[in-house]
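After the structure tokens below, expect a handful of questions from me.
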Amino acid sequence: MLKNIVFDLGAVLIDWNPRHFYRKVFADEKEMEYFLTQVYSPSQNIRSDAGEPFEQVAAELIRQFPEYEKQIALYYAHWAEMLGGEVIGSVQILRELKAKKVPVFALTNWSAQTFPTARKLFPFLAEFDGIVVSGEEKCIKPDPQIYKILLNRYHLQASETIFIDDNPANVAGAVALGMTGIHFTSPQALRTQLSSFL
């Protein structure tokens, strides 16, 4: 019987995108895209999600790309400006689940340095029954270990748990451990997929 629901946060409940900030930095959209795909790329950001300090990542990137020293240095200092707000439809679903006493949890790839800021900016994060943050555990999805941390810490049975994520690889990681996976594409689709709970 399915009874626990686990949410990813970024792109599911919170709109995080470095373009929200870097459009203010770069006059040229193509150069911004180059910077965010080849310099401070998602693979570099994930290092901080896995527990590596932003300062250490930035220092290494500046050595590799000295021509972008200024833009690299801005990444951590202006991280909060990369947040676009709540994904309103998804947060509404979360609150409906809470109102019906459905146990809800979060499992997120997120830096331990920036997650305290997210907690302040998004009060709904206090509504979860538990949250596992990759940067605090120094382990990221889809590593099986981080799912096991979630299951063990909150005494969840994988077979009773639904896992929601916008990244298919992360969904596959949860399914491999026995959870039911939902690939998030929109709040509307999620509402349909969770209709038996709402």
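The values are calculated or read from the model by the stated rules, or taken from the named source; none is laboratory data. Predicted model, so just to flag it, every value in this text is computed and none were measured. Glycine gets a Cβ as well: all are built from the backbone with ideal geometry, and neighbour counts include every protein chain shown.
Tell me which residues, restricted to region 23-56, are more than 19 Å from the chain's Cα centre (by Cα) and under 22 Å from Ala118 (Cβ atoms).
Arg23, Lys24, Val25, Glu55, Gln56
State all residues of region 64-123 that are charged (D, E, K, R) and closer than 21 Å to Val25 by Cα; if no residue qualifies, say none. Working first, answer last.
We begin by selecting, within region 64-123, every residue charged (D, E, K, R); these are 67, 69-70, 81, 86, 95-96, 98, 100-101, 119-120.
Answer for region 64-123, where residues must be charged (D, E, K, R) and closer than 21 Å to Val25 by Cα: Glu67, Glu69, Lys70, Glu81.
Please go through (1) surrounded by fewer than 16 Cβ atoms within 10 Å (Cβ to Cβ); (2) among the β-branched types (Val, Ile, Thr); (3) in contact with a Ser or Thr (Cβ under 9 Å, 6 or more places away or on another chain) for Val57 and return the number of the only condition it doesn't satisfy.
(1)
May I pose another question? Are any residues in region 1-39 surrounded by 13 or more Cβ atoms within 10 Å (Cβ to Cβ), of a type in the set (Gly, Ala, Ser) and either without any contact (Cβ under 8 Å) to a residue 12 or more places away in the chain or not in a strand (DSSP E or B) (or both), and if so, which ones?
Ala11
Picking from Glu55, Glu69, which residue would you name as being part of a helix (DSSP H, G or I), more than 30 Å from Pro144 (Cβ to Cβ) and either of a type in the set (D, E, K, R) or assigned by TED's automatic domain parsing to the domain that holds Leu125 (or both)?
Glu69
What is the number of the single condition among (1) surrounded by 20 or more Cβ atoms within 10 Å (Cβ to Cβ); (2) touching a Lys or Arg at 6+ places or on another chain (Cβ under 7 Å) that Gly130 does not meet?
(1)
Moving on. Scan region 137-192 for residues that are over 28 Å from Ser43 (Cβ atoms), hydroxyl-bearing (Ser, Thr, Tyr) and outside any helix (DSSP H, G or I) and report the count.
Result for region 137-192: 3.
Could you please give the count of residues in region 99-129 that are more than 15 Å from the chain's Cα centre (by Cα) and of a type in the set (Val, Ile, Thr)?
Residues meeting the conditions: 2.
Exactly one of (1) of a type outside the set (Val, Ile, Thr); (2) in contact with a strand residue (DSSP E or B) (Cβ under 7 Å, 6 or more places away or on another chain); (3) surrounded by fewer than 18 Cβ atoms within 10 Å (Cβ to Cβ) is unmet by His155. Its number?
It is condition (2) that His155 fails.
Still on this structure: Filter region 57-88 for residues that are hydroxyl-bearing (Ser, Thr, Tyr) and more than 11 Å from Gln113 (Cβ to Cβ); which is nearest to the chain's Cα centre (by Cα)? It would help to see each step written out before you state the result.
Step one: of region 57-88, the residues hydroxyl-bearing (Ser, Thr, Tyr) are 68, 75-76.
Going one step further and asking which of them are more than 11 Å from Gln113 (Cβ to Cβ), we end up with 68, 75.
Details: Tyr68: 26, Tyr75: 17 Å.
Of everything passing the filter in region 57-88, Tyr75 is nearest to the chain's Cα centre (by Cα).
Residues in region 175-198 that are under 24 Å from Glu86 (Cα atoms) and in contact with a Lys or Arg (Cβ under 8 Å, 6 or more places away or on another chain): how many?
2
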